[in-house]
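The values are calculated or read from the model by the stated rules, or taken from the named source; none is laboratory data. Given the structure is predicted, the values throughout are model-derived calculations rather than measurements. Note that each Cβ is placed from the backbone with ideal geometry, even for glycine, and that neighbours are counted across all protein chains shown. These accessible areas exclude ligands, DNA and RNA; they are computed on the full protein's heavy atoms, side chains included. Shrake-Rupley method; radii C 1.70, N 1.55, O 1.52, S 1.80 Å.
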Amino acid sequence: MLIAGAAVAVAAGWRWSSRHDSAAFAAQYAALPPRPPGSVYHLGHSLVGREMPAMLAQMMGPGYRYNSQLGWGASLNQHRAGDVPGHAEENATPAYRAAEAAIGSGDYDAVVLTEMVELRDALRWHDSAVALAHWAALARAARPDVRVYLYETWHRLDDPQGWLSRLDGDLPELWEPLVAEAMADPATGPIHIIPAGQAMAALVRRIEAGEVPGLTNRQDLFARDAAGEVDPIHLNDLGAYVVALVHFAALTGRSPQGLPHRLNRADGNPATALPVDAVPIIQAVVWDAVRGYAPSGVSG
C-alpha cells in the first residue's frame, strides 16, 4: 500500500533510494506523442514563481492559458492540507485558482507539481510521496488523459554538499524514488519529470567553462537583493527564462531552439534578456537535457 510504503521509506532514512535502479526507472517511460498543451496548472512555491509561467505562456503562443497556486516554500502536503504559508501574498495574482478545485476540474491538459526544498525534509516530514500521489490521482480521476509532471528543482547555492553535487546525486537518490513510490498507487498513473535542475546543472557547467557568451558563473542566473547580494536559491529573469525553456521542451516535446528571448514579466514589463549570442547555446543545452532524459517523456 502506498502510504505504508512511504512511511517505511521515510523511517528508514531513504534506504529505498539505495535500492533504486535509475536505468530501470527510465526504461518504463515511453516517449509521449507530441501534444502541445493548451492549458497547464502549476502547483508549488517561489521556484515556480510568477515570472516563469508567464514566460512559458509567451513561448506557447496565442490560446494558451495557465493557472497556479503558490506558497512560501510550501510542500505538496501543505497544499493538500490547505495549510499553505504565504497563501494570500503569493496568490494575489490573476493566475490564481484554488488547487483542489482546479486540479479536480479536468480543465487542464497538464498539471505540474512542485515539491518543497529541502527535498529531504519533504520526504521526512511532509509525506511527500503520499501528497504527490494524491495530486496525481486527483488530476487523473478528473481527466484520464491528463499529463502529470513533477518539476525537479534545485537546492541552495551554498549547500554544504555542493550545488552541482546535489543536482547530480539527488535525481537518482531522491527525485526518482519519490516518483516511483507515488506511482506504486495505480490511481496515480504515470508521473513524468521536468528536469529543470539537470538543465541548470548542464548550463552552469558550460557557463563556467567559458562557453556561453556574456555569462560567467552560476550567480548570473540568480536574483540579487538591493545590496547586490546573490539570492542563493531564487532565480532572476535570466534563470526564469531558462526554466521556462525546460518546461516548454518537456510539455510540448518540441525543441525550444528558435524561441524568442525578449519576453515580458508577469506584470507586462520587459524582462531582462539574455545576451543574444548566448541564446542558441542555452536553448540547445536545454533541449539536450530534456530529450536525453526518458522520464521527461521526450526522447530522440
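Here are a few things to note about the model shown:
- Neighbours by Cβ (under 7 Å, 6+ apart or cross-chain): first from the range 22-41, farther than 14 Å from SER296 by Cβ and in a strand (DSSP E or B); second aromatic (Phe, Trp, Tyr) and open to solvent by less than 30 Å² (accessible area, probe 1.4 Å): SER39/TYR108; VAL40/TYR108; TYR41/TYR108
- Out of HIS261, HIS247, sole residue that is open to solvent by less than 70 Å² (accessible area, probe 1.4 Å) and farther than 19 Å from ILE193 by Cα: HIS261
- Options ASP109, ASP127; residue that is charged (D, E, K, R) and either closer than 18 Å to ALA180 by Cα or surrounded by fewer than 17 Cβ atoms within 10 Å (Cβ to Cβ) (or both): ASP127
- Remark: ALA133 matches the filter, which requires a residue to be of a type in the set (Gly, Ala, Ser) and crowded, with 20+ Cβ neighbours inside 10 Å.
- Criterion violated by VAL48 - all others in (1) modelled with pLDDT under 95; (2) in contact with a Ser or Thr (Cβ under 6 Å, 6 or more places away or on another chain) satisfied: (1)
- Only one of the listed residues (GLY169, GLY214) is in a loop (DSSP other than H, G, I, E, B), open to solvent by 10 Å² or more (accessible area, probe 1.4 Å) and more than 21 Å from LEU56 (Cβ to Cβ). That residue is GLY214.
- Qualifying residue in the range 193-201 (condition: surrounded by fewer than 23 Cβ atoms within 10 Å (Cβ to Cβ) and touching a residue at least 60 places away in the same chain (Cβ under 8 Å)): no
- If you filter the range 72-104 down to residues that are outside any helix (DSSP H, G or I) and in contact with a helix residue (DSSP H, G or I) (Cβ under 6 Å, 6 or more places away or on another chain), you find that the one that is nearest to TRP154 (Cα to Cα) is SER75.
- Considering residues of the range 217-243 that are without any contact (Cβ under 8 Å) to a residue 60 or more places away in the chain and closer than 26 Å to PRO172 by Cα only, the residue surrounded by the fewest Cβ atoms within 10 Å (Cβ to Cβ): ASN217
- Flag if ASN67 is within 16 Å of the chain's Cα centre (by Cα) and touching a residue at least 24 places away in the same chain (Cβ under 8 Å): yes
- Identity of the residue in the range 172-191, open to solvent by 10 Å² or more (accessible area, probe 1.4 Å) and outside any helix (DSSP H, G or I), that ends up farthest from ALA136 (Cα to Cα): ALA184
- Of the listed requirements (1) in contact with a strand residue (DSSP E or B) (Cβ under 8 Å, 6 or more places away or on another chain); (2) over 26 Å from PRO295 (Cα atoms), VAL243 misses just one: (2).
- A residue that is among the aliphatic types (A, V, I, L, M) and more than 30 Å from ASP121 (Cα to Cα) cannot be found anywhere in the range 186-206.
- Residue-level analysis places SER68 outside the set of residues that are out of contact with any Lys or Arg (no Cβ under 8 Å at 6 or more places or on another chain), surrounded by 16 or more Cβ atoms within 10 Å (Cβ to Cβ) and among the small types (Gly, Ala, Ser).
- For the range 225-257, the set of residues classified as part of a loop (DSSP other than H, G, I, E, B) and over 26 Å from VAL148 (Cα atoms) consists of ASP225, ALA226, ALA227, GLY228, GLU229, ASN236, listed by residue number.
- The range 121-180, residues that are among the polar types (S, T, N, Q) and without any contact (Cβ under 8 Å) to a residue 12 or more places away in the chain: GLN161, SER165
- Search result, residues across the range 153-162 that are among the hydrophobic types (A, V, I, L, M, F, W, C) and crowded, with 20+ Cβ neighbours inside 10 Å: TRP154
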